[in-house]
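The values are calculated or read from the model by the stated rules, or taken from the named source; none is laboratory data. What you see is a predicted model, and the numbers here were worked out from it, not measured in a lab. Note: ideal-geometry Cβ built from the backbone for every residue, glycine included; neighbour counts use all protein chains shown. Please note that ligands, DNA and RNA were not included when accessible areas were found on the heavy atoms of the full protein model with its side chains. Shrake-Rupley method; radii C 1.70, N 1.55, O 1.52, S 1.80 Å.
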Amino acid sequence: MLSININSKKYQENKIIDNFKLKINKSEFISIIGPSGCGKTSLLNIVSNIDDDYLGSILFDNENISKSNIGVMFQDSRIIPWLSVFENIMLVSISKNEEEIKNALIEVGLKDYINSYAKELSGGMQRRVALVRAFINKPEVLLLDEPFISLDHPTAQSLRNDFMRFYEKYKPTVILVTHDLKEAITLSKRIVFLDSKPMKVILDFENKKDFSSNLDSLEIEQIKENILSKYPKILSGDIS
Ligand SMILES: Nc1ncnc2c1ncn2[C@@H]1O[C@H](COP(=O)(O)OP(=O)(O)OP(=O)(O)O)[C@@H](O)[C@H]1O
């Protein structure tokens, strides 16, 4: 279990998180939706150990999260442009297993680009490299900050499919931050809606849909409409 318990997070005198608690089961995939500025990125920074300037504790399997293997994926791919695709993955790989890296790149359709410079790839391909990088060390916890944003619809859709294949294979505990309610409904069985000042959970929604459906299906649209009509308070200008 991932146990998030943040008593306080401040930037200077501005307290953005106050007594926030969230428990996520092992291998559970949750989405987090909340208004801009409520503290989602700050939360991911704390869980991923990027930020240790807070009061509270983050435990995974009852141990401090700093002992866990954590993967991340952000809005931008954050790959190194002057290294090859292969070198970008090798750089972060713990096992340094060349065969494994090549197979993972082939699995996301980058067979012909393994030795290309990362800067030569399209935005969608760069995001695939970031996807392989996020999973290459078989993380126990995977944190995603809008990883499918700013891509055209088919590219985003195919990246989501690749992502779900890797998720099913390695089953990490996942937190996905997104503003896209349909994306959250399509990918995750639990959606946590937040509000701001300070950050708090306003709805912890269990998504009981059949997980084979795709984002453009009528079923997903209907679940979205149901959620929005049943819980109008979660409506914010940031949800699409
Ligand atoms: N380094 C910082 N210094 C000061 N204030 C910060 C810093 N980082 C974030 N904040 C403030 O903390 C609050 C939460 O920011 P955060 O980026 O975590 O929100 P968010 O929910 O991820 O927003 P968005 O959806 O727009 O990405 C905001 O009011 C922001 O201005």
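Is there a residue in region 226-233 that is open to solvent by 10 Å² or more (accessible area, probe 1.4 Å), over 20 Å from Ile149 (Cα atoms) and in contact (Cβ under 8 Å) with a residue 60 or more places away in the chain? No, there is no match, as no residue in region 226-233 is open to solvent by 10 Å² or more (accessible area, probe 1.4 Å), over 20 Å from Ile149 (Cα atoms) and in contact (Cβ under 8 Å) with a residue 60 or more places away in the chain.
Taking the criterion of being under 12 Å from the mean Cα position of the chain (by Cα) and either more than 6 Å from the ligand (Cβ to nearest atom) or assigned to a strand (DSSP E or B) (or both), the residues of region 29-41 that qualify are Phe29, Ile30, Ser31, Ile32, Ile33.
Of Asp162, Asp195, all but one fail to be in contact (Cβ under 8 Å) with a residue 60 or more places away in the chain, over 18 Å from Lys26 (Cα atoms) and in the same structural domain as Asn14 (by TED's automatic domain parsing); the exception is Asp195.
One line per residue, one yes/no per condition, for (1) crowded, with 20+ Cβ neighbours inside 10 Å; (2) within 27 Å of Leu235 (Cα to Cα):
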residue	(1), (2)
Asn7	no, yes
Asp18	no, yes
Lys21	no, yes
Lys26	no, no
Cys38	yes, yes
Tyr54	no, no
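When only residues in region 174-201 that are outside any strand (DSSP E or B) and open to solvent by 30 Å² or more (accessible area, probe 1.4 Å) count, which is farthest from the ligand (Cβ to nearest atom)?
Step one: list which residues in region 174-201 are outside any strand (DSSP E or B), which gives 178-189, 196-199.
Then drop every residue that is not open to solvent by 30 Å² or more (accessible area, probe 1.4 Å), which leaves 179-180, 182, 189, 196-198.
On the way: His179: 7, Asp180: 12, Lys182: 17, Lys189: 22, Ser196: 7, Lys197: 8, Pro198: 10 Å.
Ranking the candidates gives Lys189 first.
Based on what the data block shows, is Phe205 under 15 Å from the mean Cα position of the chain (by Cα) and aromatic (Phe, Trp, Tyr)?
Working: under 15 Å from the mean Cα position of the chain (by Cα): no; aromatic (Phe, Trp, Tyr): yes.
Taking the combined requirement at face value, the residue does not satisfy it.
Scanning region 58-93 for residues that are within 28 Å of Asn5 (Cβ to Cβ), open to solvent by less than 50 Å² (accessible area, probe 1.4 Å) and part of a helix (DSSP H, G or I) returns a single hit, Ile65. Looking only at residues of region 202-227 that are among the hydrophobic types (A, V, I, L, M, F, W, C) and either under 27 Å from Ile4 (Cα atoms) or not assigned by TED's automatic domain parsing to the domain that holds Ala156 (or both), we find that the one that is nearest to the ligand (Cβ to nearest atom) is Ile202.
Condition check ((1) farther than 30 Å from Ser240 by Cα; (2) in contact with a His (Cβ under 7 Å, 6 or more places away or on another chain); (3) at pLDDT 95 or above) across all residues:
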site	(1), (2), (3)
Asp76	no, no, no
Asn88	yes, no, yes
Lys119	yes, no, no
Leu131	no, no, yes
Ala134	no, no, yes
Val141	no, no, yes
